[in-house]
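One structure is given below, encoded as structure tokens.
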Amino acid sequence: MASLSFIIFCPLLAALLIAAIPRNFKVLFRLIALGATFLPALAAVRLFLGMEPASGRLQYEEFVPWVYSLGISYHVGVDGLNIGLILMGAIVGFAAACISREITDREKEFYLLLLLMTGGILGAFASYDLFFFYFFHELALVPTFIMIGVWGRGDRKNYATFKITLYLSLGALLSLIGLLALYLQAGGQTFNIVELTRRLSANPLSPGAQQAIFPLLMFGFGILVSLWPFHTWAPLGYAAAPTATAMMHAGVIKKFGLYGLLRVAVPLLPAGAESWLPVLALLCLGNLVYCGLVAMRQRDFNLLLGNSSVAHMGFVFLGIASLSLVGVTGAVLVMVAHGFLAALSFALSGYLHQRLGTLEMVQMGGLLKRLPFIGTVLAMALLAGCGLPGFANFPGEALVLFGAVKAGQWWVILAAWSGLVIGGVYMLRAIRQILHGHLPERWAGVPDAPHAWHKLPYALLLAGLVVFGCFPGLLTKRIQPNASRIVQAVNGPMLAGFPGEPEAAGYWLARGRKVTGHE
């Protein structure tokens, strides 16, 4: 089996294997889940390192026709837009399997659903066919509802399950209508994204059709990403979700909507993007400022992380709305960085909840004295959430702000800067309340992560933040060629002066300038 198909189908085949094993083999379920997520993570690292970074072409491509009459095919591959997401998703999937030792009831069903989530979202990121692009996402999304309802925690878990189901089903439905409308308006002959791009570049849809379809995709994908004001499902859902589910959804599955905007909506519907992306820039202010202010008022650590996650999505929306090479590159970088950060943060909150029985920050304090490893990693994660240099969020958010400057979105830039300040306030307050001060007597016996195996998932996720924070070029040089094509689709030949010269484009990108063929 080729490398990319192995990454996708290894978790899915392992889920089928678990389904066939009697439920009294509890240890075997966990071992299968660990192996079926560890091997794809290794393969994803191999793909990332083996990829030609600045070519911009589709690599590790696999194409198998399926339904000829509808133009459906199994078509997967990697380029600059999805290679970082596949790497991040595979690592988070393995970390989530490691963290899941807290599950002691119905382990068979839990690990089966976790593997479906992992394989489904990796398949969605890798797919170049609209049918499988949507199918794999639904395969990953449906287990979320079940896992919160069955293994969730808190008095409001049933309410959270119903709310997240209603919101995400609405977002998925709008996205499906938009994708089908795009398919039919393009001739109804192929779901292949590469072929659709070629056809629509030669014969674009009418401006009226584009402006009718684009908002369906923008709001459909936006609801899946928690675009304000359709965001209220996210903090509540993550607070009620089991740790591994929160890690996978906040860190990985939620990036599907953002990826859909970049892969499908903006390049295939440029006239619609030009009309509607200013609306997206306006709405992202709610993510950046309002959700940040809500996070400041939280006393529950999980609710703080949930609102913070929604606020961070505002930077990605802003980068996409800037329609500049710098901004779009920064948006993809923030997506990867936030995936590692959200997964790490919810993994740590899960550890605290398991050990303390509460996530009320006012009941904590001084935990760094008892939890040197967990406390240090938690402090680093919260500082990364502030956009501290040295972590992957910093270069991504900086590029997004540069892109907004070149787009002339000064009012959005002020709001984004306010969002950074607000984020710094609630993250530093959380560090103070949880880790510093007087240690209550009832936490005097709380154990730290006992050995290397327990520390491994936290170390892996933190390593992702630090590596791409200190060496962002590992991602940006892969992202640039494909980001430039998205920008060109709307603004014209933005990099016409640099054909086949990614180094020259990178020179300007490093200075935060919107490159044109005249500069």
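Looking only at residues that are aliphatic (A, V, I, L, M) and surrounded by fewer than 21 Cβ atoms within 10 Å (Cβ to Cβ) in the range 394-414, which one is modelled with the highest pLDDT? It would help to see each step written out before you state the result.
Here is the first cut: in the range 394-414, the residues aliphatic (A, V, I, L, M) are 398-401, 404-405, 407, 412-414.
Among the residues that remain, those that are also surrounded by fewer than 21 Cβ atoms within 10 Å (Cβ to Cβ) are: 398, 405, 413-414.
On the way: Ala398: 88, Val405: 79, Ile413: 68, Leu414: 71.
The qualifying residue modelled with the highest pLDDT is Ala398.
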**Asked** Residue check, Leu47 against (1) surrounded by 18 or more Cβ atoms within 10 Å (Cβ to Cβ); (2) in contact (Cβ under 8 Å) with a residue 60 or more places away in the chain, all met but one. Which one?
**Response** (2)
**Asked** Which members of the range 1-42 meet the condition of being without any contact (Cβ under 8 Å) to a residue 60 or more places away in the chain and surrounded by 19 or more Cβ atoms within 10 Å (Cβ to Cβ)?
**Response** Ala41
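Here is a check on your reading of the model: is Val289 more than 17 Å from Arg429 (Cα to Cα) and surrounded by fewer than 24 Cβ atoms within 10 Å (Cβ to Cβ)?
yes
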**Prompt:** Mind checking whether some residue in the range 480-497 is within 30 Å of Ala95 (Cα to Cα), in contact with a helix residue (DSSP H, G or I) (Cβ under 8 Å, 6 or more places away or on another chain) and either of a type outside the set (Val, Ile, Thr) or at pLDDT 80 or above (or both)?
**Reply:** yes
**Complete:** Inside the range 111-145, the number of residues satisfying the requirement of being buried (at least 24 other Cβ atoms within 10 Å of the Cβ), within 19 Å of the chain's Cα centre (by Cα), hydroxyl-bearing (Ser, Thr, Tyr) and assigned to a helix (DSSP H, G or I) is 1
**Request:** Return the total of residues in the range 99-141 being more than 14 Å from Thr37 (Cβ to Cβ), touching a residue at least 60 places away in the same chain (Cβ under 8 Å) and of a type in the set (Val, Ile, Thr).
**Result:** 1
**Request:** Consider Ala14 carefully, then state whether it is within 24 Å of Pro457 (Cα to Cα) and in contact with a Leu (Cβ under 7 Å, 6 or more places away or on another chain).
**Result:** yes
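Residues checked against (1) of a type in the set (A, V, I, L, M, F, W, C); (2) under 19 Å from Lys255 (Cα atoms); (3) surrounded by fewer than 24 Cβ atoms within 10 Å (Cβ to Cβ); (4) in contact with a Phe, Trp or Tyr (Cβ under 9 Å, 6 or more places away or on another chain):
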| site | (1), (2), (3), (4) |
| --- | --- |
| Asn307 | no, yes, no, yes |
| Ser324 | no, no, no, yes |
| Ala331 | yes, yes, no, yes |
| Leu344 | yes, yes, no, yes |
| Ala347 | yes, yes, no, yes |
| Gly357 | no, no, yes, no |
**Message:** Tell me whether the range 372-384 contains one or more residues that are of a type outside the set (Lys, Arg), under 21 Å from Thr476 (Cβ atoms), buried (at least 18 other Cβ atoms within 10 Å of the Cβ) and in contact (Cβ under 8 Å) with a residue 24 or more places away in the chain.
**Reply:** yes
**Prompt:** If you scan the range 448-478, which residues turn out to be modelled with pLDDT of 85 or more, in contact with a Leu (Cβ under 8 Å, 6 or more places away or on another chain) and in a loop (DSSP other than H, G, I, E, B)?
**Reply:** Pro472
**Complete:** Across the range 146-169, the tally of residues that are of a type in the set (A, V, I, L, M, F, W, C) and either buried (at least 20 other Cβ atoms within 10 Å of the Cβ) or over 20 Å from Met248 (Cα atoms) (or both) stands at 6
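The values are calculated or read from the model by the stated rules, or taken from the named source; none is laboratory data. All figures in this text were calculated on a predicted structure; none of them were measured in a lab. Cβ coordinates were reconstructed from backbone atoms using ideal geometry, including for glycine residues, and neighbour counts include every protein chain displayed.
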